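See below for the structure under consideration.
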Ligand SMILES: Cc1ncc(COP(=O)(O)O)c(C=O)c1O
């Protein structure tokens, strides 16, 4: 057997350090097929579209009626630029009333946007919990670290203090937000944040970017997301991703025609990568037809039912549990408000349950047939350890009650241990 290389030795030492910190990651696969006894409360398939029989039929029929169904054969700028891609893009552009540019993933879209669009001299202001892909994009940009500034999560007062401290002259100021944050399951108070931004930055110097990864498909009419439902059009660029509530993969950036053209010319993940496969384009045609139909409304309503049912079962359990053992995250300083057709604070399909021992709770729940994953630092700040429950349309009220029953059983055991 070949001896271990120098590189392997160094990497192994780094992995051991990570293990010692309790931060080691490894891949785990679970059987979540219909034959399995496990119920998946960790999936981002919020509308359960990946298992919808009607959608499966619609996709398969599109595949069987298409001449080409496999790869795209090249980058969009070369042989991969097919009529199917252009037609999906114009359909999405119409649906969202914007220019649209497809990407292979939300990651690629954020990296492309934040590494290329902010220019030297510009400032990027971002929520401290913004997604890793925005950080990677900013790092590769020509904006120096001193001009990339964070404010406290969802806190308009912190944004105001930050903007006040900046010496804003004629440059463009980017504001990077998510509509729904995936760790606490809390919505950005968009109208309040945008009012603060307006008070400090003239409109023609603003570039507001909202990442709707966790709200695409699941909120707004036809699944158009949160920003679409705001009472005023103040967001410059939106990212809609297809890997979560849309049940497929890929993403679309909704932006001006100029930004679109700029990305086509300068964004390396767009220029130097094979275009989305035709199979994915066909899947997205099927899904967006569904999302815009009454079937989409039914799924969104069903998801709201599942969310309400979890909270109804959870509330009495949390009321009798020590918050040191299990609690919901602190609420956002200013609640979400100001969207047309949405509740003042729409219910979120992500529920974080903070606990100092998330691995133990997750393992206990798995034994009882529930996949609920632990989330630990560095994904969340130290002290923010939790299990994260992701809800989906189609999950029965009985199954939700059983999940909360199992969490209650675990809590009881911890209380008993503490009494001994
Ligand atoms: C907020 C946010 N933005 C972007 C992404 C990346 O999207 P994708 O999974 O399509 O690469 C994710 C996915 O994890 C996300 O949660």
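Out of all the residues in segment 269-290, is one or more assigned by TED's automatic domain parsing to the domain that holds residue 78, more than 15 Å from the ligand (Cβ to nearest atom) and in contact with a strand residue (DSSP E or B) (Cβ under 7 Å, 6 or more places away or on another chain)? No: zero hits.
In segment 131-156, the residue that is nearest to the ligand (Cβ to nearest atom) out of those that are surrounded by fewer than 21 Cβ atoms within 10 Å (Cβ to Cβ) and in a strand (DSSP E or B) is 150.
Yes or no, residue by residue, for (1) surrounded by fewer than 22 Cβ atoms within 10 Å (Cβ to Cβ); (2) within 16 Å of the ligand (Cβ to nearest atom):
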| residue | (1), (2) |
| --- | --- |
| 195 | yes, no |
| 209 | no, yes |
| 213 | no, yes |
| 222 | yes, no |
| 225 | no, yes |
| 232 | yes, no |
| 236 | yes, no |
| 244 | no, yes |
| 249 | yes, yes |
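Residue check: residue 32 meets all listed conditions (1) over 21 Å from residue 404 (Cα atoms); (2) in contact (Cβ under 8 Å) with a residue 12 or more places away in the chain but one, namely (1).
Each residue in segment 1-30 was checked for being surrounded by 10 or more Cβ atoms within 10 Å (Cβ to Cβ) and under 26 Å from residue 306 (Cα atoms), and 1 of them qualify. What do you reckon, is residue 178 modelled with pLDDT of 95 or more and within 19 Å of the chain's Cα centre (by Cα)? Spelling it out, residue 178 is indeed modelled with pLDDT of 95 or more and within 19 Å of the chain's Cα centre (by Cα).
Conditions (1) farther than 18 Å from residue 262 by Cα; (2) in contact with a helix residue (DSSP H, G or I) (Cβ under 8 Å, 6 or more places away or on another chain); (3) assigned to a strand (DSSP E or B), marked per residue:
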| residue | (1), (2), (3) |
| --- | --- |
| 80 | yes, no, no |
| 86 | no, no, no |
| 113 | no, yes, no |
| 119 | no, no, no |
| 129 | yes, no, no |
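Going by what's in this entry, would residue 322 be described as modelled with pLDDT under 95, over 24 Å from the mean Cα position of the chain (by Cα), surrounded by 11 or more Cβ atoms within 10 Å (Cβ to Cβ) and not in a helix (DSSP H, G or I)? Yes; evaluated as a whole, the condition is true for this residue. Is it the case that segment 98-117 has a residue that's without any contact (Cβ under 8 Å) to a residue 24 or more places away in the chain and in the same structural domain as residue 283 (by TED's automatic domain parsing)? No, that holds for no residue.
The values are calculated or read from the model by the stated rules, or taken from the named source; none is laboratory data. Keep in mind that this is a model prediction, so the values were computed, not measured. All Cβ positions, glycine included, derive from the backbone under ideal geometry; neighbour counts span all protein chains shown.
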